[in-house]
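S.K.: The structure is given below, and queries will be raised subsequently.
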Amino acid sequence: MGNVPDFGPAGCDTAPVTEFVVIAGLSGAGRSTAANAFEDLGWYVIDNLPPTLIPQVAELASRQGPGPDTSRVALVVGRTAPAGDRLLPAVRQLRESGVRVRVLFLDAPDDVLVRRFEDRRRRHPLSDTGPTERRQVAASIAAERELLDPVKSEADLVLDTGELNVNQLRDRLVELFTAADALGRMTTSVVSFGFKHGLPLDADMVFDVRFLPNPHWVPELQPLTGLDLPVRDYVLSQPATTAFIDKVDDILGILLPAFAQEGKAYLTIAVGCTGGRHRSVVVAEEVADRIAGRGLNPQLHHRDVKR
């Protein structure tokens, strides 16, 4: 990974930059892993870039010159300290130049972030004390979250890394950005989850299916999951299930084209039940099938099915 690249003088023969990804997020949420993933995808990665330099980098990258391929540039920002107040104006200025710009925001629950700092014995960028001061680390995370909330609100993609290890995060990013680049249109994800394990931080829409009869209370179904045919048949045999899925399909029939027309790059639809192992898995599978029937290629993830 580079610092600011030498793009060479204007008037040479390499292709100018065509798109940027700005990688932001909370400390400990996985920006280093994201940088490595983008480098594996062939992006030119500029690490630890101050937001105020983003417009200058864009100007340099727009010139043609010898050296590395800078047609796709990933900018990792805020590694040493949050800079949300300076990042958004820089991103807006970058978008005004006419290139494609996507903002990726990495997030994770507070308890996960605290544990990561403790496990790695790292000092939080906003902390005045050492890595073992759990209370201070938690306070620093809360302060950073508040500072970066405006960036998260305007991000094209918010990715919850709390349940992902390093390899899973890398694979998820490769999956998301390979699909987005190949299709050139909105990437849609459907995720099942359990409410008792917390809401997915990256969900754009949440559907609650806890009103359906719970297979957990059927002895022969309890050890199974929604990926098993007996559970699937049980959930889909309930009269309310098909009616609910039909209504969700009607809603998505309105929202999917509207989001795409507004230029939304990523859409995450979450379906939740109590534990995330039975009802939500079945319904998420059905919702993904309905989306596929509309000509899209949704990505499907069952967050809590193995818990």
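The values are calculated or read from the model by the stated rules, or taken from the named source; none is laboratory data. The structure presented is a predicted model; accordingly, all values stated were derived computationally and were not measured. Cβ placement follows ideal geometry from the backbone for every residue including glycine, while neighbour counts extend to all protein chains displayed. Accessible surface is based on the protein model in full, side chains and every heavy atom, while ligands, DNA and RNA are left aside. Shrake-Rupley method; radii C 1.70, N 1.55, O 1.52, S 1.80 Å.
S.K.: Please give the length that would be gained between Leu199 and Ala243 if that part of the chain were fully extended, namely 0.36 nm times their separation in residues minus their C-alpha to C-alpha distance (nm, one decimal). It would help to have the intermediate numbers written out before the result.
M.R.: Working: separation 44, 0.36 × 44 = 15.84 nm, distance 2.41 nm.
Contour length minus the Cα-Cα distance gives 13.4 nm.
S.K.: Lys/Arg Cβ at +1, Asp/Glu Cβ at -1, dipole of the chain taken about the Cα centre: which of Ser189, Thr268, Gln136 is farthest positive-ward?
M.R.: Gln136
S.K.: What angle do you read, to the nearest 10 degrees and between 0 and 90, between the alpha-carbon axis of helix 134-154 and the longest principal axis of the chain?
M.R.: 80
S.K.: Out of Asn165, Ser153, Ala90, whose Cα points farthest toward the positive end of the dipole of the chain (charges: +1 Lys, Arg; -1 Asp, Glu; placed on Cβ)?
M.R.: The residue sitting farthest along the positive end of the dipole is Asn165.
S.K.: Additional query: Quick one: putting +1 on the C-beta of Lys and Arg, -1 on the C-beta of Asp and Glu, what dipole do you get for the chain around its Cα centre, in Debye to the nearest 20? Can you show the working numbers first?
M.R.: Numbers: 34 positive and 41 negative charges, 104 e Å.
So the magnitude is around 500 debye.
S.K.: Which three numbers, in whole Å and largest first, are the semi-axes of the equivalent ellipsoid of the chain derived from its Cα gyration tensor as √(5λ)?
M.R.: Working: eigenvalues 287, 124, 46 Å².
Value: 38, 25, 15 Å, ordered largest first.
S.K.: Another question, then. Could you give the size of the charge dipole of segment 143-245 about its Cα centre, using +1 on the Cβ of each K and R and -1 on the Cβ of each D and E, expressed in debye and rounded to the nearest 20?
M.R.: Numbers: 8 positive and 16 negative charges, 55 e Å.
Approximately 260 debye in magnitude.
S.K.: Oh, and also: Sequence neighbours fewer than 8 away in the same chain don't count; with that in mind, list the aspartates and glutamates whose C-alpha is under 15 Å from Lys152.
M.R.: The reachable aspartates and glutamates, counting only those whose Cα sits under 15 Å from Lys152, are Asp85, Asp107, Glu144, Asp160, Asp202, Asp204.
S.K.: With runs of 4+ DSSP H residues as the only contributors, calculate the mean residue ellipticity of the chain at 222 nm using -39,500 (n - 2.57) per run, divided by the residue total and rounded to the nearest 500. Kindly include the intermediate steps, with their values, before the conclusion.
M.R.: On the way: 9 runs with 127 residues, N = 307.
Mean residue ellipticity at 222 nm (helix-derived): -13500 deg cm²/dmol.
S.K.: How many Å² of accessible area per residue for the chain, probe 1.4 Å? The partial results should precede the final answer.
M.R.: On the way: 14270 Å² over 307 residues.
Result: 46 Å² per residue.
S.K.: Would you please classify the overall shape of segment 177-288 from the alpha carbon gyration tensor, given that a ≥ b ≥ c denote the square roots of the eigenvalues, rounded means a/c under 1.5, and beyond that prolate means a/b larger than b/c while oblate covers the rest? Don't jump to the answer; show the numbers that get you there.
M.R.: Working: a/c = 2.28, a/b = 1.90, b/c = 1.20.
The shape class here is prolate.
S.K.: Compute the acute angle (0 to 90°) between the alpha-carbon long axis of helix 84-96 and the principal axis of greatest extent of the alpha-carbon atoms of the chain; round to the nearest 10°.
M.R.: 80
S.K.: What part of the accessible area of segment 187-307, given as a whole %, is carbon or sulfur when the probe is 1.4 angstrom?
M.R.: Working: 3160 of 5660 Å².
The C+S portion of the solvent-accessible surface of segment 187-307 is 56 percent.
S.K.: Less than 21 Å apart at the alpha-carbon level, and either on another chain or at least 8 residues along: which lysines does that give for Lys306?
M.R.: Lys196
S.K.: Right, something else. If you line up the long axis of helix 279-293 against the longest principal axis of the chain, both from Cα atoms, how many degrees apart are they, to the nearest 10?
M.R.: 60
S.K.: Give me the number: length gained by fully extending Val99 to Asp208, i.e. 0.36 nm times residue separation minus the C-alpha to C-alpha distance, one decimal in nm. Before the final figure, lay out the partial values.
M.R.: Values: separation 109, 0.36 × 109 = 39.24 nm, distance 3.84 nm.
My answer for the length gained is 35.4 nm.
S.K.: Using a 1.4 Å probe and ignoring any ligands, DNA or RNA, find the accessible area of Leu88 and quote it in Å² to the nearest 10.
M.R.: 20
S.K.: Can I ask one more? Just going by the charge dipole of the chain, with Lys and Arg at +1 and Asp and Glu at -1 on Cβ, which of Thr178, Leu229, Ala292 is farthest out on the positive end?
M.R.: Farthest towards the positive pole: Leu229.
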